[in-house]
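Take a look at the structure set out below.
The values are calculated or read from the model by the stated rules, or taken from the named source; none is laboratory data. Quantities reported herein were computed from a predicted structural model and do not represent experimental measurements. Quick note on the areas: whole protein, heavy atoms, side chains included, nothing else; ligands and nucleic acids left out. Shrake-Rupley method; radii C 1.70, N 1.55, O 1.52, S 1.80 Å.
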Amino acid sequence: MFLTFAAMTTVIAVFENIMAFTIDDWGWERKKASPRNGIPIFIFSLPCVLG
(Lines give C-alpha, C1' and ligand atoms only; values in the text may rest on other atoms or scores of the structure.)
Protein backbone atom coordinates (compact mmCIF):
# COMPACT_ATOMS: atom_id res chain seq x y z
CA MET A 1 0.00 0.00 0.00
CA PHE A 2 2.78 2.42 0.88
CA LEU A 3 4.70 1.58 -2.28
CA THR A 4 1.61 2.28 -4.38
CA PHE A 5 1.13 5.62 -2.66
CA ALA A 6 4.78 6.53 -3.23
CA ALA A 7 4.54 5.60 -6.91
CA MET A 8 1.37 7.61 -7.46
CA THR A 9 2.71 10.74 -5.77
CA THR A 10 5.88 10.51 -7.87
CA VAL A 11 3.86 10.24 -11.07
CA ILE A 12 1.79 13.27 -10.05
CA ALA A 13 4.94 15.28 -9.29
CA VAL A 14 6.52 14.44 -12.65
CA PHE A 15 3.28 15.14 -14.51
CA GLU A 16 2.97 18.51 -12.77
CA ASN A 17 6.42 19.55 -14.00
CA ILE A 18 5.42 18.75 -17.57
CA MET A 19 2.16 20.66 -17.10
CA ALA A 20 3.99 23.69 -15.69
CA PHE A 21 6.35 23.69 -18.69
CA THR A 22 3.54 23.70 -21.26
CA ILE A 23 1.49 26.25 -19.33
CA ASP A 24 4.42 28.65 -18.86
CA ASP A 25 6.28 28.28 -22.16
CA TRP A 26 3.41 27.74 -24.57
CA GLY A 27 0.79 29.80 -22.76
CA TRP A 28 -1.79 27.02 -22.66
CA GLU A 29 -4.48 26.83 -20.01
CA ARG A 30 -4.57 23.79 -17.73
CA LYS A 31 -7.73 22.47 -19.42
CA LYS A 32 -5.93 22.46 -22.78
CA ALA A 33 -2.59 21.18 -21.46
CA SER A 34 -3.99 18.24 -19.46
CA PRO A 35 -5.29 16.06 -22.30
CA ARG A 36 -2.51 17.11 -24.67
CA ASN A 37 0.08 15.95 -22.16
CA GLY A 38 -1.87 13.09 -20.61
CA ILE A 39 -2.49 11.12 -23.78
CA PRO A 40 1.17 10.98 -24.92
CA ILE A 41 2.35 10.22 -21.39
CA PHE A 42 -0.16 7.37 -21.18
CA ILE A 43 0.97 5.97 -24.55
CA PHE A 44 4.69 6.32 -23.79
CA SER A 45 4.27 4.63 -20.40
CA LEU A 46 2.60 1.52 -21.83
CA PRO A 47 5.91 -0.26 -22.60
CA CYS A 48 6.96 0.21 -18.98
CA VAL A 49 3.66 -1.13 -17.69
CA LEU A 50 3.43 -4.06 -20.08
CA GLY A 51 7.16 -4.88 -20.15
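Is there a residue being open to solvent by 100 Å² or more (accessible area, probe 1.4 Å) and outside any helix (DSSP H, G or I) anywhere in segment 21-38? Yes, some residue in segment 21-38 is open to solvent by 100 Å² or more (accessible area, probe 1.4 Å) and outside any helix (DSSP H, G or I). With respect to Ala7, determine if the residue is open to solvent by less than 90 Å² (accessible area, probe 1.4 Å), at pLDDT 90 or above and not hydroxyl-bearing (Ser, Thr, Tyr). No, not satisfied.
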